[in-house]
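Here the structure is laid out as structure tokens; the discussion comes afterwards.
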Amino acid sequence: MAQSRKVAVIGAGVSGLVTARELQREGHRVIVFEKSNKLGGLWVYNPQIETDPLSVDPNREIIHSSLYKSLRTNLPRQLMSFSDYPFKGEINGKILNFPGHEQVLKFLNEFAEDFGITELIQFNTEVVRVAQVDFEENRWVVESKMDESISEEVFDSVVICNGHYTIPRLANIPVNSKGINNWPGKQIHSHNYRVPEPFKDQIVVVIGGGPSGLDISRDIATVAKQVHFSTKPSKIGVSNLDGYANLWNHSQIDHVDESGEVTFLDGSSIHADIILHCTGYKYDFPFLETDGIVSADGDRFVGPLYKHVFPPKLSPWLSFVGIPYQTIVFLMLEVQAKWIAKVLSGKVLLPSEEEMLADVEDHNRQLEQAGIPKRHTHRLNFHEMEYMDWVAAQVGLPSVDAGIKEMLWSIYKCAGEVGYDRYRDLWDLENLTQ
């Protein structure tokens with residue numbers, strides 16, 4: 001007989017919404033805690049930025065979203081659908097293959113409304129503490145704050161879905177003389193980038209080779225005097241990038257100094273006004289208390305987690321959805337949520353604690369032998385299908401549809417051939433399922 005649990009879901013972004021749906025489908029009693037007054041998490045655009053442009057001041061007011069105004073998806077809408085709920089991506093009667101963030105948020109609101117998730121959400125409620133109940137190892141207390149009111153509630157299980165695109169990681173920039181704090185220019189992390197206008201007529205160095213770095217570099221180049229895009233490969237030479245006369249590609253920064261000069265490993269140097277860090281984010285769970293059983297070391301690693309979801313010693317009563325990255329995110333979140341929901345109902349069993357820990361250690365050992373840094377523990381790139389197929393099999397679902405797999409590989413192929421800056425405009429979906 002299936003068991004019904006009282007479950008707390010932390011966060012009402014994509015992972016929290018689909019997790020709430022799957023838990024409810026399995027007959028669990030669900031409360032979703034959301035700090036803001038809207039659902040959507042990352043996909044809620046907020047023009048406000050933090051008072052500290054590098055987001056290192058512990059006393060700053062933290063802004064959750066890292067969306068910039070021009071952002072559009074880097075996967076087509078077909079790969080941002082749930083298995084039984086397609087993302088149409090339509091605006092003004094036109095179907096967009098790579099919609100903007102406004103369309104994604106609209107899709108999520110429709111999803112929550114259609115499946116009755118909205119009424120499960122406690123908005124404007126910040127979770128400040130999650131810990132095991134004293135003398136009841138399999139139950140959890142969730143302490144939350146609404147306005148100035150603090151309340152506590154006990155749950156059978158907690159699923160953490162608060163995302164990992166809010167607390168910035170900064171580049172480790174080598175410096176001459178007295179250090180980066182004496183560099184006279186301005187520094188900002190992409191978390192606090194919204195629109196290009198503040199960079200008008202400036203000379204800007206953008207650090208980071210990921211999608212946001214490329215997007216923001218092109219965005220800024222429309223108004224800046226010069227944009228110098230710095231990526232890690234040291235053998236790259238200086239080159240004009242992306243057809244912009246004022247946008248240049250460089251290798252990694254060698255050092256900066258007090259004069260305002262930025263010198264690259266390619267031998268070039270420029271006098272910059274601004275350094276913009278597009279260098280990713282840290283996992284952060286300031287509310288979670290596990291006496292060190294689960295840790296986030298700040299360098300893109302959370303553990304130990306069995307298959308990126310369950311802490312072996314605390315499973316299944318504590319779990320995480322959305323830890324892996326570089327994957328088909330929406331589908332991955334869905335299968336993780338289905339797995340958790342069925343484990344909690346007793347329909348699916350997990351291995352023993354010892355077996356799960358051994359699996360985690362084996363995974364970490366394979367990464368180390370392959371020379372993959374610890375910070376990439378949860379990166380699924382090129383292994384995402386294998387992972388999702390494995391999780392799907394745990395709950396009796398078929399493998400990811402062959403058409404979805406073909407679509408993803410075609411995206412990789414197109415981006416490899418024409419570059420990230422052009423593939424969305426050139427990739428043609430006319431012959432694929434709409």
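Condition check ((1) in contact with a Pro (Cβ under 6 Å, 6 or more places away or on another chain); (2) without any contact (Cβ under 8 Å) to a residue 24 or more places away in the chain; (3) outside the structural domain of Asp134 (by TED's automatic domain parsing); (4) in a helix (DSSP H, G or I)) across all residues:
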residue: His255; (1), (2), (3), (4): yes, no, yes, no
residue: Val262; (1), (2), (3), (4): no, no, yes, no
residue: Phe285; (1), (2), (3), (4): no, no, no, no
residue: Asp291; (1), (2), (3), (4): no, yes, no, no
residue: Gln336; (1), (2), (3), (4): no, no, no, yes
residue: Val348; (1), (2), (3), (4): no, no, no, no
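Would you say Phe123 is within 29 Å of Leu397 (Cα to Cα), among the aromatic types (Phe, Trp, Tyr) and in the same structural domain as Glu143 (by TED's automatic domain parsing)? No.
Could you list, in sequence order, all residues of the stretch 21-68 that are in a helix (DSSP H, G or I), aliphatic (A, V, I, L, M) and in contact with a His (Cβ under 9 Å, 6 or more places away or on another chain)? The one that is in a helix (DSSP H, G or I), aliphatic (A, V, I, L, M) and in contact with a His (Cβ under 9 Å, 6 or more places away or on another chain): Leu42. Is it the case that the stretch 97-104 has a residue that's closer than 13 Å to Gly41 by Cα, in the same structural domain as Gly41 (by TED's automatic domain parsing), out of contact with any Pro (no Cβ under 7 Å at 6 or more places or on another chain) and free of Cβ contacts under 8 Å to residues at least 60 places away in the same chain? Yes: the stretch 97-104 contains one or more residues that are closer than 13 Å to Gly41 by Cα, in the same structural domain as Gly41 (by TED's automatic domain parsing), out of contact with any Pro (no Cβ under 7 Å at 6 or more places or on another chain) and free of Cβ contacts under 8 Å to residues at least 60 places away in the same chain.
Step by step: first the residues of the stretch 158-174, then only those that are surrounded by fewer than 23 Cβ atoms within 10 Å (Cβ to Cβ) and farther than 23 Å from Gln48 by Cβ, then the one that is farthest from the chain's Cα centre (by Cα). Which residue is that? Per the stated criteria, the residue is Pro174. Just to verify a result, which residue in the stretch 419-434, among those that are surrounded by fewer than 14 Cβ atoms within 10 Å (Cβ to Cβ) and modelled with pLDDT of 75 or more, is nearest to His383 (Cα to Cα)? Looking at the filtered set, the residue picked out is Gly419. Candidates are the residues of the stretch 185-244 that are in contact with a Phe, Trp or Tyr (Cβ under 6 Å, 6 or more places away or on another chain) and among the hydroxyl-bearing types (Ser, Thr, Tyr); the one that is nearest to Val44 (Cα to Cα) is Tyr193. Residues in the stretch 167-211 that are part of a loop (DSSP other than H, G, I, E, B), hydroxyl-bearing (Ser, Thr, Tyr) and modelled with pLDDT of 90 or more: Tyr193 alone. Residues in the stretch 111-130: is at least one part of a helix (DSSP H, G or I) and free of Cβ contacts under 8 Å to residues at least 24 places away in the same chain? The answer is yes; a qualifying residue exists.
When you check Val154 against the structure, is it surrounded by 20 or more Cβ atoms within 10 Å (Cβ to Cβ), modelled with pLDDT of 95 or more and farther than 24 Å from Gln226 by Cα, yes or no? Criteria not met by Val154.
The values are calculated or read from the model by the stated rules, or taken from the named source; none is laboratory data. Computed from a prediction, not measured in an experiment: that's the story for all the values here. No Cβ is skipped: glycine too gets one built from the backbone with ideal geometry, and neighbour counts run over all protein chains shown.
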